[in-house]
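Accompanying notes for the structure given below.
Every number in this text was worked out from the coordinates using simple rules, so none of it is lab data. Computed from a prediction, not measured in an experiment: that's the story for all the values here.
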Amino acid sequence: MELVEVGPSMDLVVRRHRLPNDSLKKEAMKTTSEHPKKKIKNVSSDVLQGKIGKIYIPDQKVGGITLSSDVKGLKRERREAKKRKVGIENEAKKRKTASD
């Protein structure tokens, strides 16, 4: 089996052995400083408040979120309801004993 070279063949040779002087190098490597600015949408500026903008937040679908079973607010409501129930029962007992 023998390998055969396919495609274009190039021989690269370094021809310049000296570096250019600094001013010529600086001029050759110069780039434009004028870049087109990217358009900023929904942002305006105010003298007093500075930058003012609008942001868009998608709907959060709060109705579809399930509550965990460990909700502190519900525990507090249960305790308060239990205290009210005990208080009502105590008042009923006091009335009953007072009426006898």
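At 222 nm, what helix-only mean residue ellipticity would the chain give, in deg cm²/dmol to the nearest 500, using -39500 (n - 2.57) for each DSSP H run of four or more?
-12000 deg cm²/dmol
Against the longest alpha carbon principal axis of the chain, how many degrees, from 0 to 90 and to the nearest 10, is the axis of helix 72-99 turned? Result, in degrees: 0. Taking the three principal axes of the alpha carbon atoms in the chain, the coordinate ranges are 123, 68, 26 Å, sorted in descending order. The alpha-carbon of Lys96 sits under 18 angstrom from the alpha-carbons of these lysines, leaving out residues fewer than 8 places away in its chain: Lys85.
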